[in-house]
Amino acid sequence: MKLNATRLVTALAVAVGFALPVCAAPVAFEVIDKTIPKSLTMEAGDPGRGKKALLNRKQGNCLACHSSSALKDQPFHGEVGPSLDGVSGRWKEAELRMILVDSKVVFEDTIMPSFYIADGYTRIAKKFMGKTILTAQQVEDILAYLNQLK
Amino acid sequence: MKKILMLAVATAIGLAIAASAKAEMKRVAIKPPNGHALSEIISGYEYRSKETKVLQDDDIQNPGFIWVEQGEELWSQTDGSAGKSCASCHDDATESMATVGTVYPKWDDKVGKPVSLEQRINTCRKDNMGAKPWKWESGPLLSMTTYVRHQSRGKPVNVSAEGPAASWAERGKKLYYQRVGQLDMACSSCHEDNYGNRIRADMLSQGQSNGFPTYRFKWQKIGSIHRRFKGCMKNIRATPYKVGSDEFVALELYLATRGVGLPVETPAVRN
């Protein structure tokens, strides 16, 4: 019941066009067989914004660990994870959403952070308590950008 | 305009360092003893650029020597109610401290815990000099720790995690493998599973402690291993333990066992 209410508020806020603060309690989502088929938000993902969130060192910071030839103009790429080239050919959108939301469901013991999980952490800094690294909309935006990396 | 130019220069230097690091892939590794967590033990030195290594190796250029020299001065300065200096009891540090830097953290029967070199120095100040302990990360404590450990430069790390220290090393090991913070990473995520891989511009090392206190460009000064622990924990969005805490001493002890045999490099120079 409570979750539904959160979801409604989120949907309303998005519909009215507020930028949701990162601290918003995460929206409820349904995991089916290690995938998340449904979008986390009402608004479609925007690849332009997604690219920005992916690069931002305080948000996705995906290039810390990954490389991408589409982002050759960016100075340093990471070597910790696989290249993101062609990633949307290897994974369906519902799988990629799962990887972004909670990487550990797909890759056990991975170093990759869970970008849309707010709790269950040890000694999390106060500032980040109860918060997710990315907002629901940022997850959808990054997904839209990854979809372009065929 | 000036800013842009500086940025361009900084980027160019950064790229040059990255390129030269790539060219030197041969890294000196030592063989660990049986049953060790690592299959090869490698100093952080091996992951740095040629320029950084040259800076560390040259005692005139190495910025860490400012603290070595300050420590040397403090060594024979009297302080406290007993009217003593370190030299009053320990005489010539080049002899009395020749291997001390290889064995810390070391078990201390009096307190019933392993203590770091910083803590041992402060125990002497309190108990033997009647002087006030120096604050962690203060200039004098950093200088003295650097000076004392520097006496062991080139000698292999030889820390003991036996006897009563064993349970502390075990505690440190738990902390080493414990995922923490919003990014949910353990020390091992980077320094065991990914050493030698680039994380953005930075090349991950094994996170060894043989060069501490270490001069870091990022700090523009020398710093303790506990300060480094704190920084890593903040980076992964965790609440760090306190410098000088039991947790950090336990972690420091365990970490030292991961680097047994590495030469002490104090003062090392790192990014």
Going residue by residue through segment A:62-75, is there one that turns out to be without any contact (Cβ under 8 Å) to a residue 60 or more places away in the chain and away from chain B (no Cβ under 14 Å)? yes
Here is a list of conditions, (1) open to solvent by 90 Å² or more (accessible area, probe 1.4 Å); (2) at pLDDT 95 or above, and B:Met25 meets all of them except one; can you say which number that is? (2)
In segment A:116-125, the residues that are more than 7 Å from chain B (Cβ to nearest Cβ) and farther than 20 Å from A:Gly50 by Cα: A:Ala118, A:Asp119, A:Gly120
Is it the case, given these coordinates, that A:Asp85 is open to solvent by 50 Å² or more (accessible area, probe 1.4 Å) and either over 17 Å from the mean Cα position of the chain (by Cα) or away from chain B (no Cβ under 12 Å) (or both)? yes
Residue ID - farthest from the other protein chains (Cβ to nearest Cβ), chosen from residues in segment B:239-271 that are part of a strand (DSSP E or B) and open to solvent by 30 Å² or more (accessible area, probe 1.4 Å): B:Pro263
If we ask which residues in segment A:103-150 are part of a loop (DSSP other than H, G, I, E, B) and touching a residue at least 24 places away in the same chain (Cβ under 8 Å), their number turns out to be 16
Among residues of segment B:166-193, those that are without any contact (Cβ under 8 Å) to a residue 12 or more places away in the chain, assigned to a loop (DSSP other than H, G, I, E, B) and at the interface with another protein chain (Cβ under 8 Å from one of its Cβ atoms), counted: 3
Lone unmet requirement of (1) away from every other protein chain (no Cβ under 13 Å); (2) touching a Phe, Trp or Tyr at 6+ places or on another chain (Cβ under 9 Å); (3) of a type in the set (Gly, Ala, Ser); (4) assigned to a loop (DSSP other than H, G, I, E, B) for B:Gly196: (1)
Unmet criterion (only one of (1) in a loop (DSSP other than H, G, I, E, B); (2) within 14 Å of another protein chain (Cβ to nearest Cβ); (3) buried (at least 22 other Cβ atoms within 10 Å of the Cβ)) for B:Asn210: (2)
Kindly indicate whether B:Ile236 is open to solvent by 20 Å² or more (accessible area, probe 1.4 Å), touching a residue at least 40 places away in the same chain (Cβ under 8 Å) and β-branched (Val, Ile, Thr). yes
For A:Leu100, indicate whether it is within 13 Å of another protein chain (Cβ to nearest Cβ), closer than 27 Å to B:Met203 by Cβ and not in a loop (DSSP other than H, G, I, E, B). no
Which one of the conditions (1) in a loop (DSSP other than H, G, I, E, B); (2) farther than 28 Å from B:Tyr241 by Cβ; (3) in contact (Cβ under 8 Å) with a residue 60 or more places away in the chain does A:Glu79 fail to meet, given that it meets all the rest? (3)
Looking only at residues in segment A:32-61 that are farther than 29 Å from B:Ile199 by Cβ and surrounded by 14 or more Cβ atoms within 10 Å (Cβ to Cβ), which one is nearest to the other protein chains (Cβ to nearest Cβ)? A:Thr41
Being more than 30 Å from B:Gln178 (Cβ to Cβ), open to solvent by 30 Å² or more (accessible area, probe 1.4 Å) and either more than 14 Å from chain B (Cβ to nearest Cβ) or among the basic types (Lys, Arg) (or both) is the requirement here; does A:Lys92 meet it? yes
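Each row is one residue, and each column tells you yes or no for (1) closer than 28 Å to B:Val260 by Cβ; (2) touching a strand residue (DSSP E or B) at 6+ places or on another chain (Cβ under 6 Å); (3) not hydrophobic (A, V, I, L, M, F, W, C).
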residue	(1), (2), (3)
B:His36	yes, no, yes
B:Lys50	yes, no, yes
B:Ile66	no, no, no
B:Glu69	no, no, yes
B:Asp79	no, no, yes
B:Ser85	no, no, yes
B:Ser88	no, no, yes
B:Glu95	yes, no, yes
B:Thr102	yes, no, yes
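The values are calculated or read from the model by the stated rules, or taken from the named source; none is laboratory data. Values in this document were obtained by computation on a predicted structure and should not be read as measured data. Because the Cβ atoms are built from the backbone with ideal geometry, glycine has one as well, and the counts that use them run over all protein chains shown. For the accessible areas, the whole protein counts, side chains as well, though only heavy atoms, and no ligand, DNA or RNA atoms are used. Shrake-Rupley method; radii C 1.70, N 1.55, O 1.52, S 1.80 Å.
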